[in-house]
Amino acid sequence: MNTRGAAALCAAAVVLLSACTPTDGPFTARKSGASTTAKVRSLVPTKVPTTAPTARVSAPPQPAALTRNPIYRAGKLTAPRCAEPAMPPTSLRNVQTYYAEFVACLNKAWAPVVRKAGFTFTPPKLAVVPAKTPSSPCDGDDAWAFYCGDTIYLGAQKNLDDYKRRPGVALAWMALTIAHEYGHHVQALAGMRLAKYEWGITANGADAQREESRRVELQADCFGGAYFGADQASFPVDGEWLDLRNKAIRNSIDPDHDHGGVANLALWHFNGFEAAGPSACDTYTADSTVVG
């Protein structure tokens, strides 16, 4: 299981928004008139580079709560018809308002699917604090954004700093982050988080634990992509936002190799986006090469 602690599912301390100029990577140039789907697909390389083993690491069988969860068969998300919150992160209050409005839209999109899958829907709590690293009851929280218990924790200072340097990319990363962390809440509602914890107790070795951590994190990326796919007309997911989103993903890093590399982050984000729902988000039966 995640070596950062059983209770916490962390995201952005590991997958960081870099302040450097975008570097060459598995991204292709996009023409200004390309369709939304074509622009999203441009994120996905023909070959997925990875430093992970080509064969799956030794691990016990995954539980049905992960591989055959009813959430996969619950259909597409409801389009909440929400525009991106018009709240630039120039103050703590603005950051808090941005995330609160975004979570309200995510609730509208996910609640019907969660209920259809047979689970009880409850909205997550949200804690947006001034510090760069929020404190929580979970162990090992060294991230600026993470999910713990039933709460999404976010450190506003990173958003304030990033917005001063690159405002467009910073906003795109805020959107990606809250959709990802909400994905962890969906995992909790669907019983996946508990199943992964119980399974992780039996997983031996650092490689096995890191791979299973990546499966959890990449599924949250996929769930996040599903939201943008469902509400793309209203958000809106247009060419300008896609370019900013691509830059944000391209500059993510995974130094501990427990969240997934850029190519696979892009791959699972696209899977969710195209499906506009959780049906394409089963990372637990995927080959190791696409969860590296």
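Taking the conditions exactly as written (within 19 Å of the chain's Cα centre (by Cα), of a type in the set (D, E), in a loop (DSSP other than H, G, I, E, B) and closer than 27 Å to A275 by Cα), does E84 satisfy them or not?
Yes; evaluated as a whole, the condition is true for this residue.
With the requirement that a residue be open to solvent by 10 Å² or more (accessible area, probe 1.4 Å) and on the phi > 0 side of the Ramachandran plot, what does the range 228-275 give you?
Matches in the range 228-275: H257 only.
Here's the yes/no breakdown for (1) farther than 30 Å from P112 by Cβ; (2) not in a helix (DSSP H, G or I):
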{"position": "G225", "(1), (2)": "no, no"}
{"position": "F235", "(1), (2)": "no, yes"}
{"position": "R245", "(1), (2)": "no, no"}
{"position": "A248", "(1), (2)": "no, no"}
{"position": "D258", "(1), (2)": "yes, yes"}
{"position": "A266", "(1), (2)": "no, no"}
{"position": "G272", "(1), (2)": "no, no"}
{"position": "Y284", "(1), (2)": "no, yes"}
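If R193 meets every condition in (1) under 15 Å from the mean Cα position of the chain (by Cα); (2) surrounded by fewer than 23 Cβ atoms within 10 Å (Cβ to Cβ); (3) of a type outside the set (A, V, I, L, M, F, W, C); (4) at pLDDT 95 or above apart from one, which number is that one?
Unmet for R193, out of (1) under 15 Å from the mean Cα position of the chain (by Cα); (2) surrounded by fewer than 23 Cβ atoms within 10 Å (Cβ to Cβ); (3) of a type outside the set (A, V, I, L, M, F, W, C); (4) at pLDDT 95 or above: (4).
How many residues does the range 117-140 contain that are part of a loop (DSSP other than H, G, I, E, B) and farther than 22 Å from G191 by Cα?
So the answer is 7.
Condition check ((1) surrounded by fewer than 21 Cβ atoms within 10 Å (Cβ to Cβ); (2) more than 17 Å from the chain's Cα centre (by Cα); (3) of a type in the set (S, T, N, Q); (4) under 19 Å from H259 (Cα atoms)) across all residues:
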position	(1), (2), (3), (4)
K116	yes, yes, no, no
T133	yes, yes, yes, yes
A143	no, no, no, yes
L154	no, no, no, yes
L160	yes, yes, no, no
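Would you point out which residue out of A64, A38 is more than 20 Å from the chain's Cα centre (by Cα), under 21 Å from V169 (Cα atoms) and modelled with pLDDT under 95?
Of A64, A38, the one residue that is more than 20 Å from the chain's Cα centre (by Cα), under 21 Å from V169 (Cα atoms) and modelled with pLDDT under 95 is A38.
Can you tell me which of (1) over 14 Å from the mean Cα position of the chain (by Cα); (2) at pLDDT 95 or above; (3) open to solvent by less than 30 Å² (accessible area, probe 1.4 Å) is the one C281 doesn't meet?
(1)
Take Q219 and tell me if it is touching a Lys or Arg at 6+ places or on another chain (Cβ under 7 Å), at pLDDT 95 or above and either open to solvent by less than 40 Å² (accessible area, probe 1.4 Å) or closer than 22 Å to A275 by Cα (or both).
So Q219 does not fit the description; no.
Collect the residues in the range 136-177 that are of a type in the set (S, T, N, Q) and out of contact with any strand residue (DSSP E or B) (no Cβ under 6 Å at 6 or more places or on another chain), keeping them in residue-number order.
Q157, N159
The values are calculated or read from the model by the stated rules, or taken from the named source; none is laboratory data. It should be emphasised that the depicted structure is a prediction, and the values quoted were computed from it without experimental measurement. All Cβ positions, glycine included, derive from the backbone under ideal geometry; neighbour counts span all protein chains shown. The accessibility values were calculated without ligands, DNA or RNA, using every heavy atom of the protein model including side chains. Shrake-Rupley method; radii C 1.70, N 1.55, O 1.52, S 1.80 Å.
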